[in-house]
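See below for the structure under consideration.
The values are calculated or read from the model by the stated rules, or taken from the named source; none is laboratory data. In this text, all values refer to a predicted model and were calculated from it rather than measured experimentally. All Cβ positions, glycine included, derive from the backbone under ideal geometry; neighbour counts span all protein chains shown. Surface accessibility is based on the protein's heavy atoms, side chains included, excluding ligands, DNA and RNA. Shrake-Rupley method; radii C 1.70, N 1.55, O 1.52, S 1.80 Å.
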Amino acid sequence: MTWSKALKDTVRTGLTVERTKLQPLVAVRGAAGVAIVIGVVLWLATPTLAVSSAFGAFASALVTFQRSWRPRPVLALAVAAGLAISTFLGYMAAADHLAFAVLLAVWTLFAGMAWAVGPVSGMVATQTVAVMLITVTLPTSVAGALLHAGIIVCAGVVQAALIVLFPIRPWGLQRDALADALAAEADYARRLRHDPVARFDAQPLMDARSAAELTPRQARNRPRQLGGPRGVAERLRPVLASLADPVVGAPAEGPERDHVRDLLAAAATVLDAVARSIRWGRPVRLPPEVMAVLEGAESGSMLTGPARRSALRLIALLADAVEATDEPVKEAPPANGDRPPKPAKGSVKGSLKGSRNSREKEPYRHLLRPTVPRLVPVGLRALRREARWSSAIGRHAVRVAAVSLAGYALGSALPLGHGYWAPMTSVMVMRPDFGQTYSRGVARFVGTLVGVFVGGLVMALAHPGPWVCAALAVVCIGLMYLLMRTGYSVASACIAAYVVFLLGIAGEGWSQTVEERVILTLLGGLLAMAAYALFPAWETPKLRDRLADWLAANGRYSLAVLDAFARPADRKPRRVREALLDARAARQAWDDAVARAQREPVRHRGISRSAERGAEAALATMGRTAMLMEAHLPDRDATPSKEAEDFAAALRAALPEAVSAVRERRDLDWSGPLQAYAAWQARVGDEGVAVRAAELLVDALDELAGVLSRGPGGRNRARRK
């Protein structure tokens, strides 16, 4: 992509205003916290202290709007503590420009590295830098600095208290994540009716898994509806795919295929009903025609072989989803074979009679999330992992530290007041990737221009006093909380007007504020953009590494499933599960990398667009094939498969060299797995799910070798004969 096209795309993205679901009650609660803090401090103390406290209340509430699964009060208190520490240290060094510059560089470097822990941590750390730059310009003493820090902590306590006292849809994010996962499964079932190999976006399942990670305290208070359906949703996907697939499921045409379409439509209806029940905490309601389809599929003989086994397993899983939603979730006993209590007569579960003997019952457990103190070593390990020159996070940290120093120096040297706006803009704009940095830079400048114009116009026409300015600031921040998800330009406009009115509380001249804010915001945005252009961390050259990681993860997943067919008595469901999660994470990392690379103004290096699309299709097929085999794992007393063991051994031997070949732009050699498959097929023919799925697997491997050998400097040398 050329620079001109990349800039056009980032401008368009930055100025896009999206229609999204608003949360007015949450916005009112956050604005109320800001109003309480400003009002009380302005009444009892000075306007300067009121301005300082306002930034603490604003940032403490802002973090609670981020997509984090931790309790909102904990987030508010954590960001308030970080703001208090950064503000106090900033005050201690503010008298000496050199000392403050060193503090700013070090603090910003660690704030940039905080993105290694997660996006919420990165955003919180960025807020601490921005507030430190603002508050240290307000005159005070050491005792006053302690008072400022204490007031900021109190502001966070106020926001946390409001969240506790006025809960608005508690567990709402977790409910939405689980409901979205089930709704995604329902949509997948509908698409499978017309496209048996339709792609499934696993992001909703990944979000639901993240939402299910709870601290012990959260687990004790978790609503019953959030305890079991996530595991059911995870097990549903391979069953749906295997039922619809024409190779291991029903034939592509005929009465069985029509019956499968009806069953998939009924499954989609049940999943949608369960999703609505979880999202709003209501009972599950199913239409009678859906019950008729499911009962007919269980009692009838329309489907045969693997398709019938998939249908019975699907009905059982749907029954589990309804049961987990309608009835209290109980912790299953540890591996003693006991079954959950039978449902009451006439319940929805009783109508969805499942074949439980065909599968192993997985206990309902919550995933452990470390508490805040225990998160420290986790964060330190993440920082050590990203503290290298080749890391995008590490380069971002160095880049943002250098830019903040340059912005601070230029802002101090220019004959303008409020020089901190330049480095603050740079810090708030910069992100670890090119697209977000440039789009946010454009949005920040345009939004600031609109916000300071509106705020300055109000100040010029009305000449409001401190209390009126405080009220106007609360209105602006309430609008920002309400509209922040519509676009960064809208949020920037509200924040700009908020700052204008806050400085009006302290008696700043509005005309000077408007002029300085526009010029220094433009300067900060240009510094951020120039820094990424001069010191980039492009994703495009790393695409082959991401592809190799995905191949390695898919290979481990395939081997885990094949080993279960080779040695059923020794199969380990946990190993299969962990391999699936690794493959899913690698696929998501690839998708994210491709999305970032497509917006970068760099020439092709490493892999062409056509080879990229072909390799993605081949690896998606490879992962899907392993998932189909997972849906038909044999029982522990099944006969071991020597052929599956030989095929797995050949794949295990060829995989490391293939991964290295992808990274190093060499041709792939899958001759070992191909020969093992040919011997397997010669012995057993096409009988059995495993051998038919193995054919799809070797086709995917062959396709991957073909598309990559047609890349730069290569030619089509696919090994399949």
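Using the charge dipole of region 513-607 (Lys, Arg: +1 at Cβ; Asp, Glu: -1 at Cβ; taken about the Cα centre), state which of A530, A589, A560 has its Cα farthest towards the positive end.
Positive-most Cα among the choices belongs to A560.
Rule-of-thumb check for region 426-480: C-alpha Rg over 2.2 N^0.38 Å?
Relative to the rule-of-thumb radius for its length, region 426-480 sits at 1.45.
Could you work out the relative contact order of region 528-676, using alpha carbon pairs under 8 angstrom and six or more residues apart, expressed as a whole percent?
With pairs under 8 Å counted, the relative contact order is 39 percent.
Counting heavy atoms of the protein chains only and a 1.4 Å probe, report the per residue accessible area for the chain as a whole number of Å².
43 Å²
Along the charge dipole of the chain, pointing to its positive end and built from +1/-1 on Cβ of Lys, Arg, Asp and Glu, which listed residue (L236, V662, V446) has its Cα farthest out?
Working it through, the farthest residue towards the positive pole turns out to be L236.
How many angstrom lie between the C-alpha centres of region 153-210 and region 373-419?
That distance is 31 Å.
Can you give the relative contact order of the chain as a percent, counting alpha carbon pairs under 8 Å and 6+ residues apart?
That works out to 15 percent.
In the neighborhood of G487, defined by Cβ-to-Cβ distances under 13 Å, what is the net charge if each Lys or Arg adds +1 and each Asp or Glu adds -1?
Neighbour charge sum, excluding G487 itself: +4.
List the relative contact order of region 477-575 as a percent without decimals, with contacts defined as Cα pairs under 8 Å and 6+ residues apart.
It comes to 11 percent, rounded to a whole number.
Restricting attention to the alpha-carbon atoms of the chain, what are Rg (one decimal) and Dmax (integer), both in Å?
Computed over the Cα atoms of the chain, radius of gyration and Dmax are 29.0, 90 Å.
Positive end of the dipole of the chain, charges at C-beta (+1 Lys, Arg; -1 Asp, Glu), about the Cα centre: which of A392, I163, T639 has its Cα farthest in that direction?
Going by the charge dipole, the pick is T639.
From the Cα gyration tensor of region 426-582, with a ≥ b ≥ c the square roots of its eigenvalues, which class applies: rounded if a/c is under 1.5, or else prolate if a/b is larger than b/c, or else oblate?
It is prolate, given that a/c is not under 1.5 and a/b is the larger ratio.
Take peptides 73-79, 203-209, 269-275, 22-28 and line them up by average Cβ neighbours within 10 Å, highest first, as a rough protection proxy.
Highest to lowest by the protection proxy: 269-275, 73-79, 203-209, 22-28.
Using a 10 Å cut-off on Cβ atoms, rank the peptides 154-164, 665-675, 459-469 from the highest mean neighbour count down.
Answer by packing, highest mean first, reads 154-164, 665-675, 459-469.
Quote the accessible area belonging to R199 in square angstrom, nearest 10, computed with a 1.4 Å probe and with ligands, DNA and RNA left uncounted.
120 Å²
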